[in-house]
Amino acid sequence: VLGRQLKLNTYDTQSKIELYSRYAQEIGSNDKIAAVVGCFTGASREAARPVLSRYGKILFFPTIDEGGECDKYCFMQGTDCLQQEAPLITWAAKNVGKKFYILAADYVYGHVATAWTKSLVAKAGGTIVGIEFIPLEVSDFGATIRKIQAAGPAVVMSNLVGNNHIAFYRQFAAAGLNGSIRIISPTFGLGNEQEVLSPDETKGIVVAYSYFESLDNPANKTFLEGFKKAYPESGTLPDAPVQVWNGWHQWKAAVEKAGSTATDKVVAALESGVPYSGPSGKVWTDGPSHRNVQDVHIAKVNDKRQYEIIESFSQEKPSRQVVGAVSCDLTGKDMKSHRMINPKF
């Protein structure tokens, strides 16, 4: 980059929140580190982001999330709720039915995603016949499944997350409901859940992401060949690793446009919408939201634990609104902001 060799510094947080904070402090005080791509959960990001921002370090966050980040130095790579749920609900209302039941994790992502689901179902002319928020520690969904049976939806929108919630898909299939009720989800498969569950338990689940291995473009072919050679035991690649790849290459493109690795110059270049075309197609930053404009694909899990893309949506724009709160404009009124907007429900 700019004729200089890069050096990668890696930090193993062991999924411990306190280590995210500690390493963010270490990174912040290291003048040789120009940017960070990292964190996986919202909690880990919010442990690191304020520290990195205080030191003027750019953070690229590669995972899908609910939105609310309003930070001059934070850039969101993964799709937001609007980019995923709008295509999913549009497809389901057209091809499956207009009666929806919502299941969501009982924490911030689940509540924000559900607010989007309610709004988008209404826009699609659908109705919601039930909403249930499930604590993260719950793994017994017997009562929930009985409620779904009684409500009789055509579609279940799953805004569930985490290891315990995987049990829902197994119990839903065991009850015989996956033959008559379609599950759609913006979160299923983020951790390759389709490889943990059996084909009978996952067949037909419909998801939406920016990246699937089966995308047919030259950049993806080259990327997969290199990745599989370096990591032959990697299994199916989900969305997040490609968003990590996108983050580094968007930083590179911005540095080259700015002619410098200086944070403010790189931020300005990113906000200008400098594009990068990679494994997931063309991506570029929407300046006011610091989120990527990117293609989104709807895919169905088949009986071989693979995703079959059934519809693609070109260059879906992210939301600049935070549901239940206010808007964020990082090129306007919030151009010096370093905060997280927490909606109230």
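Just a few scattered comments:
- For residue 130, distant residues with modelled amide H under 5 Å away: 102
- For residue 40, the residues whose amide H sits under 5 Å from its own are 45, ignoring neighbours fewer than 5 places away on the same chain, with H placed 1.01 Å from N.
- Think of it this way: in the chain, 39, 74, 81 stand alone, with no other Cys Cβ under 4.7 Å.
- Restraint check, 98/333; 72/252; 32/257, Cα-Cα greater than 30 Å: 98/333
- Whole-number accessible area per residue in Å² for the stretch 95-229, which is evaluated in the context of all protein chains at 1.4 Å: 42
- Rolling a 1.4 Å probe over the protein heavy atoms of the chain, with every protein chain left in place, gives an accessible area that is 51 percent carbon and sulfur.
- Estimated distance in nm for a label pair at residue 222 and residue 12, the labels positioned 7 Å out from Cα along Cα-to-Cβ: 3.3
- Cα Rg over Rh - the stretch 101-151, Kirkwood: 1.00
- Convex hull of the stretch 138-230 built on C-alpha atoms - directionally averaged projected area, nm²: 7.1
- Label-to-label distance, residue 55 versus residue 265, with points set 7 angstrom from Cα along the beta-carbon direction: 2.1 nm.
- Shown is the FRET efficiency for residue 122 and residue 344, computed with R0 = 22 Å from the Cβ-Cβ distance and rounded to the nearest 0.05: 0.60.
- Here's how it looks for residue 105: its modeled amide H is under 5 Å from those of 110, 134, 159, 160, 161, which are all 5 or more places away or on a different chain.
- Karplus-derived 3J(HN,Hα) values for the stretch 125-132, using 6.51 cos²θ - 1.76 cosθ + 1.60 with θ = phi - 60°, are x, x, 10, 10, 9, x, 9, 9 Hz; glycine and proline are entered as x.
- Straight Cα distances below 21 angstrom link residue 344 to the lysines 118, with same-chain residues fewer than 8 positions distant left out.
- log₁₀ of I(q)/I(0) at q = 0.07 Å⁻¹ - the chain, Debye sum with one point per alpha carbon: -0.29
- Residues of the stretch 86-121 with amide N under 15 Å of a point placed 7 Å along Cα→Cβ from residue 131: 100-121
- Viscosity 0.890 mPa s, 25 °C: Kirkwood-radius Stokes-Einstein D of the stretch 260-345 over Cα pairs, µm²/s: 160
- Separation between Cα centres of the stretch 219-267 and the stretch 89-124, rounded to whole Å: 31
- When restricted to Cα atoms, the stretch 24-140 yields an Rg and a Dmax of 17.8, 55 Å, respectively.
- For the stretch 21-29, 3J(HN,Hα) computed residue by residue from phi via the Karplus equation (6.51, -1.76, 1.60; θ = phi - 60°) reads 5, 5, 6, 4, 5, 5, 5, x, 8 Hz, glycine and proline entered as x.
- For the stretch 308-325, 3J(HN,Hα) computed residue by residue from phi via the Karplus equation (6.51, -1.76, 1.60; θ = phi - 60°) reads 10, 5, 10, 6, 10, 10, 7, 6, 5, 8, x, 7, 9, 9, 10, 4, x, 9 Hz, glycine and proline entered as x.
- Computed from label points 7 Å out along Cα-Cβ, the spacing between residue 302 and residue 151 is 3.2 nm.
The values are calculated or read from the model by the stated rules, or taken from the named source; none is laboratory data. Remember, it's a predicted structure, so these values are computed and weren't measured experimentally. Cβ: placed from backbone, ideal geometry, glycine included. Neighbour counts: every protein chain shown. When the accessible area is computed, the model is the full protein with side chains, heavy atoms only, and any ligands, DNA or RNA have been set aside. Shrake-Rupley method; radii C 1.70, N 1.55, O 1.52, S 1.80 Å.
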